[in-house]
Structures are given as C-alpha cells and as structure tokens.
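Before any comments, here is the structure.
The values are calculated or read from the model by the stated rules, or taken from the named source; none is laboratory data. Model, not experiment: these values are computed from the prediction. Cβ placement follows ideal geometry from the backbone for every residue including glycine, while neighbour counts extend to all protein chains displayed.
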Amino acid sequence: MSTDTENEQQETMEYVRAPSVRYIIDIATLFGIIGAFALITTAIVLGGSPYAFIDLPSICIVIGGTFGITVACYSFRDVGTAFQIVISTVLYHTRSPSSAALHVLKLAQLARQKGALSMEPYVPRLTNEEMLRKGLKMLLDGSTGDEIDRIMQGEMKAAARRHTRTVGVLRKAAEISPAMGLIGTLVGLVQMLGNLNDPSTIGPGMAVALLTTFYGAVLANMVFSPLASKLERNSSEEALINQIHVMASASIARHENPRRLEMLLNTILPPDHRIEYFS
C-alpha cells in the first residue's frame with residue numbers, strides 16, 4: 001500500500017514538475033558591448049599608437065569620480081546591490097512566461113482534484129521560483145486568497161523598487177561619467193595653458209586632456225546605458241513571471257476553477273505566449 005502511495009506521489013511530482021531553469025550567458029549583452037569595444041580598439045590600433053590612448057590620471061578621474069559621486073547620490077549598499085544585479089544580467093536563468101503559466105495551471109488542477117495539501121511535498125523543490133514558493137507556503141498555512149494577493153503584491157512592489165533603484169544607479173553613473181570626463185579635460189587644459197613656454201608640448205598636452213572626455217563618453221554610452229536598458233528589460237520579464245505566480249497562488253486559495261485561471265493568465269501574457277491548456 002505504501003509503495004502505491006509513493007508511486008502516486010512520484011507521478012504527481014513528475015506531472016507538476018517546474019519548468020527547467022538554465023543559467024546561461026546573455027550573448028546579446030556580451031556581443032554588443034565587447035563588439036563595440038573591439039571596433040573602437042581596432043580603429044585606435046589602425047590609426048596610430050594605441051598607447052597614446054592610455055593615461056592613468058585620466059582613468060582615475062573618470063572612474064574614481066563617477067564612483068564617488070554615484071555613491072554620494074545613493075549609498076555604498078545601493079551601489080553594491082547594483083553591481084550584483086548587473087552581474088545577473090550577464091549570467092541569468094531563462095524562464096518562459098508560457099511555461100510558467102502551464103506549470104501553475106497543472107498545480108491548480110492538482111489542487112482542485114486532490115486538495116491543496118497534495119502540493120505540500122512539492123513546495124520545497126521550488127528553489128528557483130521564490131515568489132511561487134512563498135505563495136504556496138502561505139496557502140498551505142491557511143491564508144486566504146485575498147491575504148495571499150495583498151502580501152505577494154507587496155513583495156512584487158519591493159522587488160520592482162529594488163530593480164528601479166539599480167537602474168537609477170546605472171543611469172546616474174551614465175550622467176556623471178561624461179561630466180567627470182569634461183572636468184578632467186578642463187584640468188588638463190588649465191595645466192597645458194599654464195605651461196606655454198614650450199609650444200611643442202601643446203599638441204600632446206591637448207591630446208591627454210581630451211582623453212578624459214573620451215573615457216567618460218565610452219563608459220556612459222558603451223557600459224552604463226546599455227546595462228541599464230537590459231536591466232529594465234529583464235525586470236519587466238521577472239515582473240510578469242511573478243505576477244503569474246501571485247495570480248495562481250491566490251486563485252488556488254480561492255478554490256477557483258483552473259479554466260478561469262487560464263483565462264486570467266492569458267489577459268496578462270503577451271499574444272505570442274498565450275496558452276490553451278484546457279481547450
């Protein structure tokens with residue numbers, strides 16, 4: 001008898017198994033940024049001496065100044081969190097909205113057929129679906145659908161605020177780095193104009209002074225702005241997945257028909273990701 005029960009539980013686990021989550025490298029981000037740097041580097045090498053584009057004081061002014069002013073605008077914790085999230089934009093786990101919707105529909109059907117408690121052995125396995133795991137734990141603890149919806153909506157807003165703050169850090173850094181480049185250029189020009197006794201030094205001095213503007217423009221337009229845009233895109237995808245999980249948890253707690261849940265999910269899914277599970 002116990003063997004039959006274990007086999008039934010195993011079959012249930014396979015039926016409602018979460019969609020596979022794969023951690024992959026975002027090729028588009030790496031290709032775009034590295035490709036742009038490669039093109040500029042190629043132009044520099046073909047145009048003359050690449051060592052003329054390396055100036056340590058200019059690098060210190062742009063990078064150090066950008067970091068310092070960004071921290072002054074936010075905090076060390078915000079900047080550190082932004083760095084961690086930026087790393088996750090390069091190495092991230094893929095999740096399809098349609099596969100997430102199909103997954104929660106299977107859970108809803110299981111709960112309707114066998115009761116909500118039938119999902120209890122399955123919840124600890126949701127290590128990569130934090131929002132769904134929290135919602136189902138609240139369901140198993142006896143929370144109502146309205147309570148789950150209210151609390152999980154708060155969780156979603158907190159996650160959205162965290163990502164919005166990180167995007168703000170990157171946008172601010174993109175604003176500051178060209179300004180620091182301009183400041184470095186002004187410093188170089190003042191130093192150059194203060195030493196006009198030797199006209200032969202004017203050209204090299206001007207070139208070094210302009211390097212800070214070059215560094216600032218590169219950081220702003222080739223690093224900070226692209227990463228901020230990519231993070232906004234990833235945040236919108238994560239918000240959609242979280243919304244699916246919140247709607248499913250609340251619907252199961254309200255004992256709603258899974259067909260109604262399917263209809264509700266299709267109202268928030270993009271047209272090319274809509275599902276027809278019960279059709």
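Taking helices (runs of 4 or more DSSP H) that do not extend beyond the stretch 29-116, which have at least 1 residues that are surrounded by 15 or more Cβ atoms within 10 Å (Cβ to Cβ) and of a type in the set (A, V, I, L, M)?
65-73, 76-90, 97-114
Residues that are surrounded by 13 or more Cβ atoms within 10 Å (Cβ to Cβ), aromatic (Phe, Trp, Tyr) and modelled with pLDDT under 90 occur in the stretch 117-129; there is at least one.
The criterion of at least 2 residues that are more than 25 Å from residue 41 (Cα to Cα) and of a type in the set (Asp, Glu) is met, among helices (runs of 4 or more DSSP H) falling completely within the stretch 161-269, by 225-253. One residue stands out among those in the stretch 74-116 that are of a type in the set (Val, Ile, Thr) and at pLDDT below 85: the one that is nearest to residue 269 (Cα to Cα), which is 94. Quick one: would you say residue 177 is hydroxyl-bearing (Ser, Thr, Tyr), at pLDDT 90 or above and farther than 30 Å from residue 51 by Cβ? Criteria not met by residue 177. If you go through the stretch 177-217 and pick out every residue that is surrounded by fewer than 18 Cβ atoms within 10 Å (Cβ to Cβ) and within 27 Å of the chain's Cα centre (by Cα), you end up with 2.
Only a single criterion out of (1) within 22 Å of residue 178 (Cα to Cα); (2) more than 20 Å from the chain's Cα centre (by Cα) is not satisfied by residue 70, namely (2).
Scanning the stretch 220-269 for residues that are touching a helix residue (DSSP H, G or I) at 6+ places or on another chain (Cβ under 8 Å), surrounded by fewer than 21 Cβ atoms within 10 Å (Cβ to Cβ) and within 14 Å of residue 95 (Cβ to Cβ) yields 234, 235, 237, 238, 239, 240, 241, 243, 269.
Against the conditions (1) touching a residue at least 24 places away in the same chain (Cβ under 8 Å); (2) in contact with a helix residue (DSSP H, G or I) (Cβ under 9 Å, 6 or more places away or on another chain), residue 128 satisfies every one except (2). Only a single criterion out of (1) assigned to a loop (DSSP other than H, G, I, E, B); (2) touching a residue at least 24 places away in the same chain (Cβ under 8 Å); (3) out of contact with any Leu (no Cβ under 8 Å at 6 or more places or on another chain) is not satisfied by residue 276, namely (2). Within the stretch 148-163, the residues that satisfy the criterion of being without any contact (Cβ under 8 Å) to a residue 12 or more places away in the chain and either farther than 19 Å from residue 83 by Cβ or not basic (Lys, Arg) (or both) are 150, 154, 157, 158. Every test in (1) within 30 Å of residue 116 (Cβ to Cβ); (2) at pLDDT 90 or above is passed by residue 226 save one, and that test is (1).
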